[in-house]
Amino acid sequence: MKALITGASSGIGRDMARVLAAMDIDLILVARRGDRLRELKRELAVSVDIVILDVSVKENCLALYQRFRNDSVDILINNAGFGDFGEFTQTDLDKELNMISTNIHAVHILSKLFLRDFVKKDRGYILNVASSAAFLPGPLMATYYATKAYVERLTLAMHKELQKRNSHASVSVLCPGPVQTEFDRVANVRFMMKGKTSMDVASYAIRGMFKGKAVMIPGILMKGSYLLCKCLPLSVQMEASYHIQHQKNR
């Protein structure tokens with residue numbers, strides 16, 4: 001088998017590469033930081049192709065697919081993404097547009113192109129990395145929360161369509177809470193609770209992907225929070241979300 005992972009230079013993406021390599025699955029690792037990818041390649045005992053690429057650019061995503069469409073890719077993991085903190089009127093527009101391109105456009109393009117092939121072959125896995133942010137409105141991180149809601153809803157829709165056509169291709173979405181990665185530094189936030197390790201989340205996600213799970217929420221606490229959110233009025237959700245985000249910037 002062979003897996004293509006975006007955002008593979010650090011965090012969850014890097015550890016997913018380690019988990020898959022331990023399963024003797026060859027890898028295509030995509031990220032902007034070539035030094036990190038080369039370091040990871042030296043560590044792994046499988047065949048690894050390195051692609052230094054910015055998936056926020058539409059043409060790059062199309063070129064990535066064209067390059068590997070005939071390369072027997074069995075697994076696509078859309079992991080690249082980032083966030084930002086601040087009031088919507090104060091955050092940087094260019095950074096937000098880049099976030100939308102990375103968190104939404106790249107996921108949409110690569111999922112559509114590779115899933116068409118997986119459906120034809122009647123096999124293959126797509127794992128889209130969203131966040132527990134997908135379940136709530138996100139005051140003070142409005143754009144990030146909105147992008148992850150898009151990823152979660154898009155993935156669930158694809159999952160149901162595949163079920164209805166009895167396809168053996170599978171699409172899953174990972175929705176973790178805080179994870180010990182570089183995310184908080186890039187987003188300019190500090191999490192109130194200690195996050196899970198990226199290796200724990202990566203291992204959990206790969207297991208769930210191969211089981212064909214639709215949604216994966218690591219940890220009992222986050223699963224409980226998800227169920228609680230479904231029971232709360234929207235006004236309460238927004239107030240709670242604002243309070244949580246406000247605490248992150250203290």
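Using percent of Cα pairs over 22 Å apart as the read-out, say which of (i) 57; (ii) 52; (iii) 65 was calculated from these coordinates.
Derived directly from the coordinates: (ii).
Quick one: pull the percent of accessible area on the chain belonging to carbon and sulfur, 1.4 Å probe, ligands and nucleic acids left out.
Carbon plus sulfur share of accessible area: 53 percent.
Name the most mobile residue of 145, 65, 125, meaning the one with the largest mean-square fluctuation, in a Gaussian network model of the chain with Cα contacts below 10 Å.
65
What is the magnitude of the charge dipole of the stretch 78-145 about its Cα centre, with +1 placed on the Cβ of each Lys and Arg, -1 on the Cβ of each Asp and Glu, and no other charges, expressed in debye to the nearest 20?
Approximately 580 debye in magnitude.
Report the net charge of residues surrounding residue 118, where surrounding means a beta-carbon distance below 15 angstrom and charges are Lys +1, Arg +1, Asp -1, Glu -1.
The answer is +3.
Per residue of the stretch 122-137, what does 6.51 cos²θ - 1.76 cosθ + 1.60 with θ = phi - 60° give for ³J(HN,Hα)? Whole Hz please, x for Gly and Pro, Karplus curve as stated.
Coupling constants for the stretch 122-137: 6, 6, x, 10, 10, 10, 9, 8, 9, 5, 4, 4, 5, 8, 9, x Hz.
When the distances between all Cα atoms of the stretch 42-83 are binned every 5 Å from zero, what whole-number percent does each bin get?
Whole-percent P(r) values from 0 Å outward: 5, 15, 26, 27, 17, 9, 1.
Charges only on Cβ, +1 for Lys and Arg, -1 for Asp and Glu: so what's the dipole of the chain about the Cα centre, in debye to the nearest 20?
620
Calculated from DSSP H runs of 4 or more alone, at -39500 (n - 2.57) each and per residue, what is the 222 nm mean residue ellipticity of the chain, nearest 500?
On the way: 10 runs with 126 residues, N = 250.
Computed ellipticity for the chain at 222 nm equals -16000 deg cm²/dmol.
Of 64, 166, 141, which is farthest towards the positive pole of the chain's charge dipole, taken about the Cα centre with +1 and -1 on the beta-carbons of Lys, Arg and Asp, Glu respectively?
So the residue furthest toward the plus end is 166.
Rounded to the nearest 10 degrees, what's the angle between the helix 11-22 long axis and the longest principal axis of the chain, both from Cα atoms, 0 to 90?
On a 0 to 90 degree scale, this one is about 30.
Can you tell me what share of the DSSP beta bridges in the chain is antiparallel? A percent to the nearest 5 is fine.
Percent antiparallel among DSSP bridges in the chain is about 0.
Taking Cα atoms, how many degrees apart are the long axis of helix 58-68 and the longest axis of the chain, rounded to 10 and kept between 0 and 90?
The answer is roughly 30 degrees.
Where does each of 74-81, 147-154, 20-27 land if you order them by average Cβ count within 10 Å, highest first?
Taking the mean over residues of other Cβ atoms within 10 Å, the ranking is 74-81, 147-154, 20-27.
Would you work out the relative contact order for the chain, in percent, from Cα pairs under 8 angstrom that are 6 or more residues apart?
Reported as a whole number, the value is 19 percent.
Could you do me a favour and compute the accessible area per residue for the stretch 26-181, 1.4 Å probe, result in Å²?
46
By how many degrees, 0 to 90 and rounded to 10, does the Cα axis of helix 220-231 deviate from the longest principal axis of the chain?
Its long axis makes an angle of about 60 degrees.
Among 162-171, 104-113, what's the highest-first ranking by average C-beta atoms within 10 angstrom per residue?
104-113, 162-171
Using a 1.4 Å probe, how large is the accessible area of residue 96, given in Å² and rounded to the nearest 10?
Surface accessible to solvent at residue 96 totals approximately 20 Å².
Where does each of 38, 33 land when they are ordered by accessible area, with a 1.4 Å probe and the largest first?
38, 33
The values are calculated or read from the model by the stated rules, or taken from the named source; none is laboratory data. Being a predicted model, the structure only gives us computed values, none of them experimental. Don't worry about glycine lacking a Cβ; one is built from the backbone with ideal geometry, like all the others, and counts go over all protein chains shown. Ligands, DNA and RNA are stripped out before the accessible areas are found, and what is left, the full protein with its side chains, is counted by its heavy atoms. Shrake-Rupley method; radii C 1.70, N 1.55, O 1.52, S 1.80 Å.
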